[in-house]
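The values are calculated or read from the model by the stated rules, or taken from the named source; none is laboratory data. This is a predicted model, so every value here is computed, not measured. Every residue, glycine among them, receives a Cβ derived from its backbone with ideal geometry; neighbour counts consider all protein chains shown.
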Amino acid sequence: MEQAQTDLRNAVQSAERNRYKVDDDGWVSDPTTEGLPRQSTDAQQIIMDRSGPLGEYRGRIDDALADARKASNDGKKALEVLNGDILTDPLNRDAAAESAKDAEQAMKAIGLQDPQIPKDDPKAAAEWWKALSPEERREYETLYPQQIGATDGLPTETRNDANRAALAQELNRLREGNVRDAYPGEDSGAVNKRLWNAIKLSERLDAGDTAPEGKELYLLGYDTSDDGRAIIAQGNPDTAAHTGILVPGTGTTMESVPGQLERIDHLQDSAVEQSDGESVAMITWLGYDAPEASGGDASLSVAGTGRAEDAAPDLRQFVAGTQAAHDESPSHTTVLGHSYGSSVLGAAAAGGEGLGADDVVAVGSPGMTVQEADDLQMDPEHVWIGGAGDDFISNMLVGATLGPDPMDREFGGNNFVVDTSGHSGYWDQGSESLANQGAILAGKPPSEAPKETDGTPPPDHEQDQYAPGRP
């Protein structure tokens, strides 16, 4: 269709430049020869000279119009091949899954190519989507759910619908064993892992379908291969006054998704309590290959900056996408990184044009891959660090290979009070650690631990609630 429209536009412009007239039906005439005396030899020569191009323009425009009609008719027929439910109810994911093969066959039959979606530019993607008609949007969601769901900058509800349809399609394909063309080169072990990941993700999403307003789950990205990846929002970030993005760390897999959702649920509740009635959305961003907690290459992946550097561009683009998709109301964005997730956060903020967040939070950090807060390309006063006194990662492993201890005064960030224990207690309900993160998410100052300290707790603060910055 796009090629037909381009050909038609070029033909019309060329004809009109040469003083031919194209009417609304596509008929080409030559007003310059109208009224010429037909008996005149000179007039006959002019008419003859211009009749050749006239015929060519008529042919070009007729061909372009025919191609456009064929594209339109074929597109309509291709959509009619699909199960009718998918067009009348695009949210019917079972219908989408049942029609997946038909859609692929229909597109192949009419020679449709992959859509030209601006995948790497969230702002351009947002503008592209806004310019589409409702019918065009529905067709893209129907025919290209995987691509639409993966495009940063598109509306959250659109991506969620597309990703859930794509997940349902993949789950059906895996259960039916139709995997040879979909996953070339993968052995049965890899395919079974995909099936397991798809089932776990689908079950957790289904469990959230009855969530109350503000707690709805939106699937913003996923990948069933290997350990699995999932990007899930709780609450709609397109309309939220405050959006938090939590990047998990070492050992996080698809099987960890329920635990990650519990963490963002606690963070959302804490932020809502301190947001003066403003809405809060939280996102768990397992959009990268987190280092393995055990196994042959675990020590290499968790100790090196490679995984963080690989993930950094994707995290930057995702944050930019949440901002491009946000409505016109004010928005405050916080990115939090736990464990190796703080290394990903640091690499993302230090690279490119920065992360674009209003605040960043690192908890249980082994290092942020930078030497100081200034390297994060943002105001250091909005860089927040928390570490439990008995967190092995942030106390014993920090400063080794992933950068200096971000809690040290020389780093230049701000330490907030932590009263929880271990490497995974930062989101314990009722803790000051959780309350402080909630305050930051709501754009409020947390209870700070002094940047320079000899370990003495601040005045009027109980010792067991204080995790000092290191001298």
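Determine which single condition GLU255 fails, assuming it passes every other condition in (1) among the charged types (D, E, K, R); (2) part of a helix (DSSP H, G or I); (3) assigned by TED's automatic domain parsing to the domain that holds GLN323; (4) touching a strand residue (DSSP E or B) at 6+ places or on another chain (Cβ under 9 Å).
Result: GLU255 fails condition (4) only.
Quick one: which of SER342, SER365 is out of contact with any helix residue (DSSP H, G or I) (no Cβ under 6 Å at 6 or more places or on another chain) and buried (at least 17 other Cβ atoms within 10 Å of the Cβ)?
Going through SER342, SER365 in turn, just one is out of contact with any helix residue (DSSP H, G or I) (no Cβ under 6 Å at 6 or more places or on another chain) and buried (at least 17 other Cβ atoms within 10 Å of the Cβ): SER342.
Taking segment 218-248, which residues are under 14 Å from the mean Cα position of the chain (by Cα) and part of a loop (DSSP other than H, G, I, E, B)?
Once the filter is applied, which keeps residues that are under 14 Å from the mean Cα position of the chain (by Cα) and part of a loop (DSSP other than H, G, I, E, B), segment 218-248 yields ASN236, PRO237, ASP238.
With the requirement that a residue be among the basic types (Lys, Arg) and either crowded, with 23+ Cβ neighbours inside 10 Å or at pLDDT 95 or above (or both), what does segment 413-452 give you?
Of everything in segment 413-452, just one residue is among the basic types (Lys, Arg) and either crowded, with 23+ Cβ neighbours inside 10 Å or at pLDDT 95 or above (or both), namely LYS444.
Any chance segment 97-117 includes a residue that's over 23 Å from GLY228 (Cβ atoms), at pLDDT 80 or above and within 25 Å of the chain's Cα centre (by Cα)?
So far as segment 97-117 goes, yes, one or more of its residues are over 23 Å from GLY228 (Cβ atoms), at pLDDT 80 or above and within 25 Å of the chain's Cα centre (by Cα).
Scan segment 335-351 and give yes if some residue there is more than 20 Å from MET407 (Cα to Cα) and modelled with pLDDT of 95 or more, otherwise no.
Checked against the condition, which is being more than 20 Å from MET407 (Cα to Cα) and modelled with pLDDT of 95 or more, segment 335-351 yields at least one hit.
Scan GLY337, GLY259, GLY306 and give me the residue that is within 15 Å of TYR426 (Cβ to Cβ), over 17 Å from the mean Cα position of the chain (by Cα) and without any contact (Cβ under 8 Å) to a residue 40 or more places away in the chain.
Only one candidate qualifies: GLY259.
Determine, yes or no, whether ALA271 is surrounded by 18 or more Cβ atoms within 10 Å (Cβ to Cβ) and under 25 Å from GLY430 (Cβ atoms).
Here the answer is yes, as ALA271 does meet what is asked.
For segment 125-142, what are the residues that are touching a residue at least 60 places away in the same chain (Cβ under 8 Å) and more than 18 Å from PHE318 (Cα to Cα)?
Result: GLU139, THR142.
Listed here are the residues, each with its yes/no results for (1) free of Cβ contacts under 8 Å to residues at least 24 places away in the same chain; (2) surrounded by fewer than 13 Cβ atoms within 10 Å (Cβ to Cβ); (3) under 23 Å from GLN317 (Cα atoms).
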| residue | (1), (2), (3) |
| --- | --- |
| GLY177 | yes, yes, no |
| ALA198 | no, no, no |
| THR210 | yes, yes, no |
| ASP238 | no, no, yes |
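Have a look at SER433, SER421, SER394 and point out the one that is assigned to a loop (DSSP other than H, G, I, E, B) and either closer than 24 Å to THR243 by Cβ or of a type outside the set (A, V, I, L, M) (or both).
SER421
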